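First comes the structure, then the notes that go with it.
Any read-out appearing in this document is the output of simple, stated calculations on the displayed coordinates, not a laboratory observation. Since we're looking at a predicted model, the values are computed, not measured. Quick reminder, even Gly has a Cβ in these numbers, built from the backbone with ideal geometry, and neighbours come from all protein chains shown.
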Amino acid sequence: MSVNLLILNKLPKSTAMKNNIFLFKVLLFAMSVIIFSSCERKTDETLIGTWAYTTESSPRGYVINEITFNSEGLFTKNLTWYGIYEGQNSDELSGWTEITGDFEVNENKLIVTANKSVSWDAFYSTDPVTTIETETLYTNCTFDIDEKILELKYLTFPADAPVQTKSLFKKQND
């Protein structure tokens, strides 16, 4: 070590300065790699899987709301409605929508961003319609999981002012 110091002392000051700048650049690069690798999409393993709930539709039928989160940070949301049109049996398919995109988790905050939607409705009896549009689902969403129940709290906008809304999803057997 003392030999290295003697050599550095014998080098012109500009060479020692270049060595210090080189060392600084190496450290800066290493810190950048650490910082950028920590910015990877975060997921909460307890959220991974398929969650669903069913609601009665008025005046008839019902809707199944299902959302699947995977470990790569992608989601699929399926809304399927049955028996909502006059003359349909209660279990007859009335229509469906599939929404796909990505999601991020930051502590108990959930950011769900849709980028594609495909819908079909028996009323129109046409081919499914695909829409490519980026949209945030569940505005200002927080989540909590208690055993097999996923609680989402988010804002909806049914009238002039935002309303705090809560949805309870049950974990499906994967």
Compute the signed sum of charges (Lys and Arg +1, Asp and Glu -1) over the other residues within less than 13 Å, Cβ to Cβ, of ARG60. -4
Amide H of ALA122 versus every other amide H placed in the peptide plane: which residues, excluding those fewer than 5 positions away on the same chain, fall under 5 Å? GLY95
Just add up the charged neighbours of ALA114: K/R +1, D/E -1, any other residue whose Cβ is under 12 Å from the Cβ of ALA114. -2
So what's Rg/Rh here for segment 45-171, counting alpha carbon atoms and using the Kirkwood radius for Rh? 0.98
Within the set LYS116/LYS170; LYS77/LYS171; LYS116/LYS171; LYS77/LYS116, which residue pairs have Cα atoms separated by over 19 Å? LYS116/LYS170; LYS116/LYS171
For a Förster distance of 22 Å, can you work out the FRET efficiency between the beta-carbons of GLU86 and GLN172, rounded to the nearest 0.05? 0.10
In the neighborhood of THR100, defined by Cβ-to-Cβ distances under 14 Å, what is the net charge if each Lys or Arg adds +1 and each Asp or Glu adds -1? -4
Each label point is 7 Å from the Cα along the Cα-to-Cβ direction; what then is the distance between the points at ALA52 and LYS153, in nm? 2.8
Amide N of segment 83-104 lying under 13 Å from the label point, which is placed 7 angstrom from the Cα of ARG60 along Cα→Cβ: 83-94
Which order, highest average first, do 52-60, 101-109 follow once you tally other Cβ atoms within 10 Å for each residue and take the mean per peptide? 101-109, 52-60
Which order do the peptides 150-157, 162-169 take when ranked by the mean count of other beta-carbon atoms within 10 Å per residue, highest first? 150-157, 162-169
